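The values are calculated or read from the model by the stated rules, or taken from the named source; none is laboratory data. None of these values were measured; they are calculated from a predicted model. All Cβ positions, even for glycine, are placed from backbone atoms using ideal geometry, and neighbour counts span all protein chains on display. Note: areas computed on protein heavy atoms with side chains; ligands, DNA, RNA excluded. Shrake-Rupley method; radii C 1.70, N 1.55, O 1.52, S 1.80 Å.
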Amino acid sequence: MLTIDKVSKVYSTPRGDLPILDGVSLTLERGQAAAIMGPSGSGKSTLLYILGALDPPSSGTVTLDSTNPYALNERDQAAFRNQHVGFVFQDHSLLPQCSVLENVLTPTLVAPAGQKNGVADEKQARRILEQVGLANRLDHRPGELSGGEKQRAAIARALIRNPTLLLCDEPTGNLDASIADSVADLLLDLHAANNTILLVVTHSATLAERFPSRYRVADRALVSA
Ligand SMILES: Nc1ncnc2c1ncn2[C@@H]1O[C@H](COP(=O)(O)OP(=O)(O)O)[C@@H](O)[C@H]1O
Ligand SMILES: [Mg+2]
């Protein structure tokens, strides 16, 4: 279960404090999937980073299966992210010099000792890449993939450690409508198969409609949409 309780975020800037989120609360159970919408600059990415143990809230708490990642020391927090959180960025953030297979394996390389198994990890990577339709692109570099294929590879990388929480920041933002639709199909299929908590930030009302629940970030609050 993912719980955020009265989370606020204020960025300190040279021009003063910039409040972005104010008293945001949300609970999602395993197996739930939700879309998050809202205008550009409203704080959607900020919220996703807070949820993904990537950036601490200014106040309030985040709990995933009874662990508050921000109460952990830096090393344990990194291990927590590696083990429990999959993150898909809008621009995919694949390593350009590495093959698709190597990109998908990167989270396993930094996994805590005892959770690594080279042979099993590679088998798992190949299995996931098959699931996302990239079985025949294992040796391609990201530059040799289409936009939709890059996002599929980024999704595979986010799933390699079998995360509890899958966070996607406008994963289809740069894709044509039909490709975006197939990436959304993939996310929802994988979600159904893996019993994750899935949160997808999107600008697209069409994409948001496909999720069982929807939220909107507006005026520093998170409201049901
Ligand atoms: N590190 C930062 N320092 C200062 N302001 C930031 C920082 N990150 C984001 N912001 C500001 O916070 C607001 C929300 O950003 P963001 O969460 O990226 O919005 P969204 O994803 O909804 O477009 C924006 O006005 C942005 O300029
Ligand atoms: Mg954003």
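The tail of the calculated P(r) for the stretch 32-93 beyond 19 Å holds 35 percent of all Cα-Cα pairs. Per residue, the stretch 100-164 exposes 49 Å² of solvent-accessible protein surface, assessed with a 1.4 angstrom probe and all protein chains in place.
When Lys123, Lys6, Lys150, Lys44 are compared by accessible surface with a 1.4 Å probe, the order from highest to lowest is Lys123, Lys6, Lys150, Lys44. Rounded to the nearest 10 square angstrom, Arg30 shows an accessible area of 110 square angstrom against a 1.4 Å probe. Overall, the stretch 118-225 carries a charge dipole of about 280 debye about its Cα centre when +1 sits on the Cβ of Lys and Arg and -1 on the Cβ of Asp and Glu, all other atoms neutral. This model, with +1 at the C-beta of Lys and Arg and -1 at the C-beta of Asp and Glu, gives the chain a dipole about its Cα centre of some 220 debye. Secondary-structure-derived ellipticity at 222 nm for the chain, considering helices only, amounts to -10500 deg cm²/dmol, per-run term -39500 (n - 2.57) for DSSP H runs with n ≥ 4. In this structure the amide hydrogen of Phe87, modeled in the peptide plane, comes within under 5 Å of the amide hydrogens of Leu167, none closer than 5 places in sequence on its chain.
Principal semi-axes of the equivalent ellipsoid, √(5λ) from the alpha carbon gyration tensor of the stretch 2-224, are 28, 21, 16 Å from largest down. Relative contact order, whole percent, for the stretch 2-224 stands at 30, derived from Cα pairs under 8 Å and 6 or more residues apart. Annotation: Thr63 carries an accessible surface of approximately 40 Å², with a 1.4 Å probe and no ligand, DNA or RNA atoms counted. Length gained on full extension, Val10 to Ser93: 27.3 nm, using 0.36 nm per residue less the C-alpha separation.
A convex hull fitted around the alpha carbon atoms of the stretch 150-225 yields 98 Å³ per residue. So for the stretch 2-224, taking the charge dipole from beta-carbon charges (+1 Lys/Arg, -1 Asp/Glu), which of Ala53, Leu166, Leu21 sits furthest toward the positive end? Selected residue: Ala53. Length available on full extension from Arg220 to His203: 0.36 nm per residue minus the Cα-Cα distance, which gives 4.4 nm. Here the Karplus relation 6.51 cos²θ - 1.76 cosθ + 1.60, evaluated at θ = phi - 60°, turns the backbone of the stretch 193-199 into coupling constants of 6, 9, 6, 7, 9, 10, 10 Hz, with x for every Gly and Pro. Measuring nothing but protein heavy atoms, the accessible surface of the stretch 2-224 at 1.4 Å probe radius is 48 percent carbon and sulfur. What FRET efficiency would be calculated for the residue pair Ala113, Glu29, taking the C-beta separation as r and a Förster radius of 41 Å, to the nearest 0.05? Computed FRET efficiency for Ala113 and Glu29: 0.85. Between the listed residues Met37, Ile128, Val7, the Cα displaced farthest toward the positive end of the dipole of the chain, a dipole computed from Cβ unit charges relative to the Cα centre, is found at Val7. Here the stretch 1-72 and the stretch 100-164 have alpha carbon centers that stand 27 Å from each other. In the complete set of protein chains, residue-level accessible area for Tyr49 is approximately 70 Å², probe 1.4 angstrom. For the stretch 107-180, the pair-distance distribution built from all alpha carbon pairs, in bins 10 Å wide starting at 0, is 18, 47, 30, 6, 0 percent. Which residue, Leu134, Leu175, Leu167, has the most motion in a Gaussian network model of the chain that connects Cα atoms within less than 10 Å? Looking only at Leu134, Leu175, Leu167, the largest GNM fluctuation is found for Leu175.
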